[in-house]
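The values are calculated or read from the model by the stated rules, or taken from the named source; none is laboratory data. Quantities reported herein were computed from a predicted structural model and do not represent experimental measurements. Positions of Cβ are backbone-derived with ideal geometry, glycine not excepted, and every protein chain shown enters the neighbour counts. In case anyone asks, the SASA skips ligands and DNA or RNA and just uses the protein heavy atoms, side chains included. Shrake-Rupley method; radii C 1.70, N 1.55, O 1.52, S 1.80 Å.
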Amino acid sequence: MCGIVGFIGDEPAAPVVLKALIKLEYRGYDSAGMVSICDGKIHFRKDAGKITDVQRKHRLDRLPGKIAVGHVRWATHGRADRINAHPHFDCKKQIAVVHNGIIENYQELRAALVGKHRFASEVDTEVICHLIEDYMEAGASLEKALLKAVGELRGSYALVVVSSREPEKIVATSKDSPLIVGLDDGKYFVASDALSFLDRTNEVVFLEEGELVSLTRDGAFFLNREGEEIRKKSQRVDWQWEEASKKGYDFFMLKEILEQPEAMRRALIQDRKLIMEFAKEIWEARRVVITACGTSRHVALLASYLFSRLAGKLCDVVTASEFQYFCDSIAEDTLVIAISQSGETADVIEGVKRAKAKGARVFSIINVVGSLLTRISDRAIYLNCGPEIGVAATKSFLCQLVIFYMLAFALMGKLEEGIEKLEQVARQIGDNLNDEKLKKLARRMKNKNNFYYMARGLNLAIAAEGALKLKEISYIHAECMPAGELKHGTLALIEEGTPVVAICPKDDTFYETLNNVMEIKARGGFVIGVSDENNEVYDHWIKIPKMEEIFYPLVAIMPLQLLAYHLAAARGKDPDRPRHLAKSVTVK
Ligand code: F6R
């Protein structure tokens with residue numbers, strides 16, 4: 001949450017920052033702002049709303065100077081209004097700070113500072129401005145003042161700071177929130193995501209926890225937390241910005257749903273040796289715990305069924321935000337598998353750190369190259385499916401599943417056979433998809449306020465994911481449950497016309513799920529059956545291709561993603577910018 005871009009170079013900086021910031025809109029769209037330095041003075045504009053709206057209203061790109069820093073906000077502390085928009089300032093408006101993260105002890109800090117300093121906003125960030133102010137007043141350089149200020153903070157932060165007192169530089173530091181430096185021949189970027197500046201440079205340096213970078217026109221200088229200069233190696237990021245454009249689709253989400261066959265093929269291109277070694281450690285670990293949040297957690301759920309079914313290996317799934325409450329049973333013989341598209345979800349990072357502190361090995365499955373999670377894991381597998389910009393996860397879900405299918409086959413000693421089969425599935429996942437029919441169904445269902453999703457076995461995670469997609473982008477209440485659980489209470493909520501999506505392919509779950517479908521039908525529910533075979537009990541049939549039964553989850557998800565997408569569209573909602581959700585959730 002929150003996106004940051006800073007740029008220093010020999011050209012007007014504001015247009016460069018604006019262009020980069022627009023690419024980070026997925027990180028927050030509550031407010032936007034920019035600060036620049038010109039002739040030793042600070043200039044800034046900010047307001048509530050999406051970056052494009054704030055630009056239209058305030059022409060951020062007209063801020064003068066060759067140094068600028070911008071911010072898009074996903075609100076945590078304080079309302080999503082102009083006052084709380086970033087940048088924030090010290091009392092004399094000589095120091096400007098933008099921040100991604102949460103300062104946990106800001107109330108204590110604020111109480112200590114409030115007598116001496118004038119606070120203009122409600123946000124936690126502002127305490128940092130005043131702390132830097134105090135240290136600079138006492139004679140510290142901007143770099144030293146920032147290092148001293150962060151020494152007083154508890155929480156997570158990516159901080160980018162400029163000051164009219166030292167007007168020729170941008171200074172940045174981070175802890176548990178990403179910051180990446182881009183090097184472009186005398187021009188320098190610092191941003192929350194390299195994607196924002198990849199059209200200018202692929203050469204990057206990842207800032208590690210506690211490190212600070214000072215960007216001047218003479219170069220990027222790195223300091224450790226003690227303020228000593230350190231050398232850091234740059235690396236190349238292979239992603240191309242073009243991969244993250246809409247390519248003619250109205251929304252990123254639709255583009256990303258439809259490119260899944262290709263994404264799946266890319267995910268299958270993996271280092272076989274790495275997969276085998278990963279599988280070997282899974283096999284040998286006394287306990288395996290899979291941890292993740294949201295959509296990635298649904299992958300964990302399916303993975304646990306898959307490992308059990310194909311390899312007889314029992315694993316626990318622990319929601320990352322609950323991980324700390326299970327830490328007592330994590331030990332050196334535990335293998336923790338963390339799944340995260342962004343590789344920066346705060347709950348996942350926190351869980352992994354706790355697991356490592358207990359001596360556990362940590363493997364990760366990640367999409368964003370070089371992300372924080374990669375750097376704190378013992379091993380990582382990348383999805384290789386390209387950037388996912390739509391806030392609702394779609395192709396990353398499928399590709400995470402693909403990695404677990406590969407691992408499950410590797411556990412059986414049948415990796416090659418598995419890959420061949422999965423390549424065949426990739427050719428079939430779009431088969432029988434009738435988008436027009438889904439659109440029609442969405443129009444018919446758009447005024448319903450409650451949906452239920454049900455399935456058994458491997459398909460349960462698909463039902464859960466279908467429900468989450470619907471909730472997050474259409475704002476319709478949706479609940480998923482194991483089909484057999486319905487009779488333990490939830491049936492009470494089924495009334496005439498209540499939509500129930502049943503994932504019911506012709507696999508080992510078929511007959512039992514169908515029985516549960518009958519129970520729904522008997523209470524007047526409107527049954528949407530997702531299956532390779534039609535059945536008279538369905539009010540609407542979503543046809544999926546016939547498969548070897550373990551692969552049904554891979555072909556059942558796409559129509560559910562599309563259904564959610566069309567329902568959001570039918571209700572006039574923007575699926576790329578769902579309310580109260582950001583692409584990377586860097587707060588706990
Ligand atoms: C849902 C969604 C979120 C994420 C969750 C974890 O569509 O996008 O639920 O799945 O925030 O994110 P990652 O996978 O980046 O850790």
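Packing here is the average count of other Cβ atoms within 10 Å per residue, and on that basis the peptides 518-528, 177-187, 452-462, 97-107, highest first, run 452-462, 97-107, 177-187, 518-528.
Dipole size of the stretch 244-429 about its Cα centre, with +1 on Lys/Arg Cβ and -1 on Asp/Glu Cβ: approximately 160 debye, rounded to the nearest 20. The separation of the stretch 497-518 from the stretch 352-420, counted between C-alpha centres, amounts to 30 Å. Between the Cα long axis of helix 395-411 and the first principal axis of the chain there is an angle of about 60°, rounded to the nearest 10. Working from Cα pairs under 8 Å separated by at least six residues, relative contact order for the stretch 443-498 is 39 percent.
Across the stretch 456-462, rounded Karplus estimates of 3J(HN,Hα) from the backbone phi angles (6.51 cos²θ - 1.76 cosθ + 1.60, θ = phi - 60°) give 10, x, 4, 7, 4, 5, 6 Hz, Gly and Pro being marked x. Per-residue 3J(HN,Hα) values for the stretch 188-202, derived from phi via the Karplus relation 6.51 cos²θ - 1.76 cosθ + 1.60 with θ = phi - 60°, read 9, 10, 9, 8, 6, 8, 4, 3, 5, 10, 5, 6, 9, 7, 9 Hz in sequence order (x marks Gly and Pro).
For the pair residue 234 and residue 331 in one chain, pulling the backbone fully straight at 0.36 nm per residue adds 31.4 nm over the alpha carbon distance.
For the chain, the Cys residues with no second cysteine's beta carbon closer than 4.7 Å are 2, 38, 91, 129, 293, 315, 327, 480, 504. The packing ranking, built from the mean of other Cβ atoms within 10 Å per residue, places the peptides 112-125, 354-367 in the order 354-367, 112-125, highest first.
Rolling a 1.4 Å probe over the protein heavy atoms gives the stretch 3-237 an accessible area of 38 Å² per residue. Please report how far the C-alpha centroid of the stretch 60-130 lies from that of the stretch 160-198, rounded to the nearest whole angstrom. Taking the Cα centre of the stretch 160-198 as reference, the centre of the stretch 60-130 is 17 Å away.
Across the chain, the mean sequence separation of Cα contacts (distance under 8 Å, 6 or more residues apart), normalised by length, yields a relative contact order of 12 percent. Relative to the Cα centre, the charge distribution of the chain, modelled as +1 at Lys and Arg Cβ and -1 at Asp and Glu Cβ, gives a dipole magnitude of about 1160 debye. For the stretch 281-310, chymotrypsin sites (Phe, Trp or Tyr not before Pro) are listed when DSSP marks them as loop and at most 15 other Cβ atoms sit within 10 Å of their Cβ; the list is empty. Restriction of the GluC sites (Glu not before Pro) in the stretch 265-372 to DSSP coil positions whose beta-carbon has at most 11 other beta-carbons within 10 angstrom yields 332. Shown in residue order for the stretch 166-177 are the 3J(HN,Hα) couplings computed by the Karplus curve 6.51 cos²θ - 1.76 cosθ + 1.60 at θ = phi - 60°: 9, x, 9, 8, 10, 10, 9, 8, 8, 8, 6, 9 Hz (x for Gly and Pro). Antiparallel beta bridges, as assigned by DSSP with both residues in the chain, represent about 60 percent of the total such bridges.
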